[in-house]
Amino acid sequence: MANYSGNDVAYLDFAATTPVDERVAELVLRLMRDDFANAGSRTHEMGVHAAREVSKARELVARALAASPEEVVFTSGATEASNLAILGLARANKGAARHIVTTAIEHSAVEGPIAALERDGYEVTRVAPDRRGHVSADDVLAAVREDTLLVSVMHANNETGAVQPIVAIADGLRAEPAFHVDAAQTFGRLNEDLRYPRIDLISVSGHKIYAPKGVGALVARRGDGRPPIAPIMFGGGQERGLRPGTVPVPLVAGLGLASALAEAEGAARGERCAVIRSDALDALGSLGGVFHGEGGRTLPHILSVAFPGIDSEALMVALRGVAAVSNGSACTSASYKPSHVLEAMGVDDEVLRGTIRISWSHDVADPPWHDIAGVVRMLS
């Protein structure tokens with residue numbers, strides 16, 4: 001067990017990023033330092049060996065999602081994967097389908113490219129969540145029209161941990177439109193949902209599952225009658241022409257190994273995270289905290305909570321010597337804008353401004369819940 005900080009401050013921001021698993025780091029370092037050849041260099045044995053490492057990683061990611069290796073496209077992360085899925089689908093769209101269904105709680109990696117298409121004339125329907133942060137499968141399916149090109153729904157929200165009903169949505173869709181799922185927070189944790197064959201496009205992130213930053217994947221299933229995707233960048237033709245550029249062999253191999261480890265250890269990891277969550281609710285619940293996402297299916301390692309009368313910025317400053325937490329998505333935290341997720345949930349302004357996100361790992365030492373509670377009491 002560890003706190004990952006190198007000092008007395010407990011790192012509790014795992015939804016933003018995870019450390020690299022030591023077993024993964026060992027493989028990555030070896031491929032960086034010793035077996036460093038370009039996987040595209042097929043004229044010598046070192047290049048062939050590098051290509052084998054990429055193929056192995058592709059097989060491991062595919063196996064985790066019951067996909068075929070040919071359906072895995074390596075990217076720089078889930079953001080690029082989502083852009084490729086959404087913009088690539090639009091680029092390949094030759095018909096009159098110019099309507100998109102998504103939710104009001106999507107990560108900026110999805111909302112950004114969809115908003116870009118909206119500016120180009122696409123019509124977008126954004127389904128609102130309930131007050132717990134969950135969208136209704138019926139509401140999503142009711143928004144689908146004859147001219148709908150894409151349905152894009154995140155698997156679990158990065159701020160609240162609320163898990164969305166992607167299987168029910170997939171089960172209710174016709175052969176078209178295409179269905180994209182942002183699985184940045186759930187790949188390696190809820191893979192069983194993601195194996196549903198009607199989910200056409202899945203965005204995967206490495207640095208959420210103890211792989212290095214800078215690597216991810218798009219899984220693009222090739223079912224009959226489903227719209228293809230076209231490249232949005234052009235170059236050397238790597239990754240089946242969908243993602244050009246030299247393949248980062250060490251990072252890709254790290255993602256493959258991290259995928260396999262998550263698959264093998266997922267149940268135990270989830271159980272440990274659930275125990276930590278229970279302890280957190282016990283320690284913080286008596287302080288009058290408002291917990292977002294509770295009462296529905298929620299990831300066991302993310303807790304979104306606000307304490308009445310306490311501003312999140314003030315609380316995070318007071319916690320600097322105790323725990324590293326956040327007040328929303330790390331990808332947009334520099335903008336200091338109110339959480340669009342909490343706004344869509346109808347959270348009032350005081351609670352919204354006071355919300356922090358606490359997230360942990362299966363292998364952390366017991367978090368200092370009582371110390372955190374003490375800081376909250378001091379600010380109350």
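The values are calculated or read from the model by the stated rules, or taken from the named source; none is laboratory data. Values in this document were obtained by computation on a predicted structure and should not be read as measured data. No Cβ is skipped: glycine too gets one built from the backbone with ideal geometry, and neighbour counts run over all protein chains shown.
General remarks:
- Number of the condition not met by SER136 [criteria: (1) among the polar types (S, T, N, Q); (2) farther than 19 Å from ALA220 by Cβ; (3) in contact with a strand residue (DSSP E or B) (Cβ under 6 Å, 6 or more places away or on another chain)]: (3)
- Out of VAL48, VAL54, VAL135, VAL101, sole residue that is in contact (Cβ under 8 Å) with a residue 40 or more places away in the chain, more than 16 Å from ALA178 (Cα to Cα), among the β-branched types (Val, Ile, Thr) and in the same structural domain as ASP200 (by TED's automatic domain parsing): VAL54
- Pair list, Cβ under 9 Å, 6 or more apart: segment 104-126 residue under 23 Å from GLN164 (Cα atoms), other residue hydroxyl-bearing (Ser, Thr, Tyr) and assigned to a loop (DSSP other than H, G, I, E, B): ILE105/THR160; HIS107/SER329; HIS107/THR332; SER108/SER329; SER108/THR332; ILE114/TYR122
- Subset of segment 45-92 that is aliphatic (A, V, I, L, M) and outside any helix (DSSP H, G or I) - its residue that is surrounded by the fewest Cβ atoms within 10 Å (Cβ to Cβ): ALA66
- Here VAL204 meets the list (1) in the same structural domain as GLU70 (by TED's automatic domain parsing); (2) within 29 Å of SER304 (Cβ to Cβ); (3) free of Cβ contacts under 8 Å to residues at least 60 places away in the same chain almost entirely, failing just condition (3).
- Subset tally (residues that are among the polar types (S, T, N, Q) and surrounded by 24 or more Cβ atoms within 10 Å (Cβ to Cβ)) for segment 129-159: 3
- Qualifying residue in segment 120-129 (condition: part of a helix (DSSP H, G or I) and of a type outside the set (D, E, K, R)): no
- Take the conditions (1) assigned by TED's automatic domain parsing to the domain that holds ARG195; (2) under 24 Å from the mean Cα position of the chain (by Cα); (3) buried (at least 16 other Cβ atoms within 10 Å of the Cβ); ALA39 misses just one of them, which is (2).
- Meets criteria (buried (at least 17 other Cβ atoms within 10 Å of the Cβ) and at pLDDT below 90) for PRO248: no
- Test result for ALA175, crowded, with 24+ Cβ neighbours inside 10 Å, in contact with a Gly (Cβ under 9 Å, 6 or more places away or on another chain) and part of a loop (DSSP other than H, G, I, E, B): no
- Residue satisfying condition, being buried (at least 20 other Cβ atoms within 10 Å of the Cβ) and either acidic (Asp, Glu) or not in a strand (DSSP E or B) (or both), within set ILE232, ILE199: ILE199
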